[in-house]
Amino acid sequence: MVSRIIPVDAFDLVVFGATGDLASRKIFPALYKRLLAGQVPADARVIGLARAAHTPEAFRHQLAASIRAHVGTAVDEACLARFVSQVDYLQLDVLGEAGWAELVARLGEHGARIRVFYLSVAPGLFSPICDRLWRHGITTVQSRIVAEKPFGHDFESARALNLHLAAHFAESQLYRIDHYLGKETVQNLMAIRFANALFEPLWNARFVDHVQITVAETIGVEGRGEYYDHAGALRDMVQNHLMQLLCLIAMEPPSRFAPDPVRDEKLKVIRAIEPFDAERVREDTVRGQYRAGADVPSYADDIGRTGSRTESFVAMKLRIANWRWSGTPFYLRTGKRLRARFSEIAVAFREVPHSVFAQTVSRLPANVLVIRLQPDEGITLRMTIKEPGPGGMRLMEVPLDMSFAEALVGKGLHMPDAYERLLMDIVRGDQTLFMRGDEVEAAWAWVDPIAAAWELDRRQPQPYDPGTSGPDDALMLMHRDNRRWRGIGE
Ligand code: NAD
């Protein structure tokens, strides 16, 4: 395999919540894959922490089985054995004081080196853990703290958490994860925009009619009902993932591809999104909740109670009040139990100003640049060409298609999982793909009035059938502007 691996320095990675779902499905498999790729040094060490009473041997045994189950490809057993040999386990209740001295001792074995503390636990435990890391003198200037989503529930709680973290750590030590930023296609969005001369001159309201961002899931709330019912699609998806995608589409070119220049530009976008008052919330947002289907339960069944007004679907129309985007609406939608597992960003360009083919073609289709996040990551540009053959000038729409998986196969490269990229960035100390504290707060400050207006509106979200594109009003949100959503999974 051809690889372009930039080695990282030796590190100690402490995973809080090592027996949890995220650690098992994402963090450990990603580490194994990086080790397989030759990027994890032989003296790097991973220490798993959780409440369960495992011996390190039992944990390693369980971890090996879990990696085989989750890694998605055939496992290289020699590599897996090497990986688990670099993993240690410590039983520790993070709310107590016992066990921390043992962590100090184990970390001390290697002296000064990069220490990463990955908080893969419920967000309520972030502050107690950071307090104890600090109190027990476990963190050094070489330490990084990784916080999973959700980062706060609203502006106030996000600010309180930021202040709490800032009492112990510098912003340069904090890595707030939004794994969407680790996706290859999402990073490619920046490459497409800023490494090609073709698009950037057209990337503004004069040439772009509108932008659509869709993140559709087929699953329901599954086992996360209690958390989800407290959050809803707005907090769970829009405030973070969709907002980050919007930022990368709408931001100005940063001066450099470096943490603060990129994050400064994203922050400016969030601050330029027109705020919603109650009237705009009524007009430009749609909430939905899935019904029962032939073989799937309703939202109410999934969370175990009726009467919840939490949305499992949201669609909205945003405007960005700046020179570049004034006059170009951004339509966002995300939901559960939809037709397909499908995420994409579509940049719809304006029609040509005058058609020279008016005698034969009533309307020329406009170009659309589609950035697919899943399935099958890739980028497609829909173009209009002449239909081949004699018989006059007939036109047809064709995709100029680049599927990354296909494009990379010939070069011996593989599509890494977002967590692979993000974990190595953390060890390297590169914060470019992580959210800065002020960005997260600004996103909450924009979301809070919408959540508050919905709270006051006593109506139920609109019911929608599983396997569809969501409630009818979401379709109307675009129809009334003479536009339409692209199909989900078509
Ligand atoms: P989980 O419930 O599966 O695992 C929680 C882990 O925390 C377990 O290892 C448990 O032992 C440990 N833990 C709980 N209380 C503890 C205590 N007092 N002391 C020590 N350890 C304790 O949770 P998860 O799904 O793995 O999620 C972890 C974090 O990641 C959460 O913040 C979640 O919001 C976030 N997240 C999860 C996913 C996912 O797909 N699971 C996706 C995005 C973000």
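Please treat every number below as a calculation from the coordinates, not as lab data. Here the structure is a predicted model, which is why all the values come from computation and not from measurement. We place every Cβ from the backbone using ideal geometry, glycine too, and count neighbours over all the protein chains shown.
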Problem set entry | Cross-link partners of LYS317 among lysines (Cα-Cα below 21 Å; sequence separation of 8 or more within a chain) | LYS266, LYS268, LYS336
Exercise. Which far-off residues, 5 or more places away or on another chain, put their amide H under 5 Å from the one on VAL14, with H placed in the peptide plane?
Worked result: ILE47, VAL116, PHE117, TYR118
Problem set entry | Long-range amide H partners of GLN91 with built H, under 5 Å | none
Exercise. In nm, what is the difference between 0.36 nm times the number of residues separating ASP301 and MET415 and their Cα-Cα distance?
Worked result: 37.3 nm
For this session: Wrap a convex hull around the Cα atoms of the range 377-490, take a quarter of its surface area, and give that in square nanometres.
Result: 14.1 nm²
For this session: For the range 191-199, take each phi angle, set θ = phi - 60°, evaluate the Karplus expression 6.51 cos²θ - 1.76 cosθ + 1.60, and give the result in whole Hz per residue in order, putting x for glycine and proline.
Result: 5, 4, 6, 9, 10, 10, 7, 5, 8
Seminar exercise, completed: Long-range amide H partners of ARG350, meaning residues 5 or more apart or on another chain whose placed amide H is closer than 5 Å, are VAL208, ASP209
Exercise. How large is the helix-only mean residue ellipticity at 222 nm for the chain, computed as the sum of -39500 (n - 2.57) over DSSP H runs with n ≥ 4, divided by its residue count, in deg cm²/dmol to the nearest 500?
Worked result: -10000 deg cm²/dmol
Seminar exercise, completed: Applying the gyration tensor rule to the Cα atoms of the range 1-41 (axes a ≥ b ≥ c; rounded if a/c under 1.5, else prolate if a/b exceeds b/c, else oblate), the class is oblate
For this session: Using only Cα atoms, locate the centre of the range 134-174 and the centre of the range 308-357, then give the distance between them in Å, rounded to an integer.
Result: 33 Å
Seminar exercise, completed: Cα-based Rg and Dmax for the range 183-222, in Å, come out at 14.7, 45
Exercise. From the Cα gyration tensor of the range 127-237, with a ≥ b ≥ c the square roots of its eigenvalues, which class applies: rounded if a/c is under 1.5, or else prolate if a/b is larger than b/c, or else oblate?
Worked result: oblate
Exercise. For the range 364-380, in order, what is each residue's ³J(HN,Hα) by Karplus, 6.51 cos²θ - 1.76 cosθ + 1.60 with θ = phi - 60°, in whole Hz (x at glycine and Pro)?
Worked result: 7, x, 7, 6, 9, 9, 10, 10, 8, 9, 6, x, 6, 3, x, 10, 10
Problem set entry | Taking the range 378-490 and dividing mean pair separation by its residue count, relative contact order in percent (alpha carbons under 8 Å, at least six apart) | 12 percent
For this session: Sort largest first and round to whole Å: the equivalent ellipsoid semi-axes of the range 1-116, each the square root of five times a Cα gyration tensor eigenvalue.
Result: 24, 18, 11
Problem set entry | Hydrodynamic radius of the chain per Kirkwood, over alpha carbon pairs, in Å | 24.4 Å
Problem set entry | Top positive-direction residue, dipole computed over the chain with Cβ charges, set ASN204, VAL269, ALA74 | ASN204
For this session: Once every Cα of the range 441-490 carries one equal point scatterer and solvent is ignored, give the base-10 log of I(q)/I(0) from the Debye formula at q = 0.21, 0.23 Å⁻¹, two decimals.
Result: -0.96, -0.98
For this session: Could you grab the Rg to Rh ratio for the range 65-110? Cα atoms only, Kirkwood for Rh.
Result: 1.15
Exercise. P(r) tail for the range 217-354, what percent of Cα pairs lie past 22 Å?
Worked result: 48 percent
Problem set entry | Relative contact order (%) - criterion: Cα under 8 Å, at least six apart; region: the chain | 18 percent
For this session: With a/c under 1.5 counting as rounded, go ahead and sort the range 152-209 into rounded, prolate or oblate using the C-alpha gyration tensor (a ≥ b ≥ c being the square roots of the eigenvalues; past the cut-off, prolate if a/b is larger than b/c, else oblate).
Result: prolate
For this session: Would you mind telling me the antiparallel percentage of the DSSP bridges in the chain, rounded to 5?
Result: 55 percent
Exercise. Quick one: Karplus J couplings for the range 451-465, per residue in order, coefficients 6.51, -1.76, 1.60, θ = phi - 60°, nearest Hz, x for Gly and Pro?
Worked result: 4, 5, 5, 5, 4, 6, 7, 7, 5, 6, x, 6, x, 9, 7
Exercise. Given Cα pairs under 8 Å that are at least 6 residues apart, what percent is the relative contact order of the range 33-91?
Worked result: 58 percent
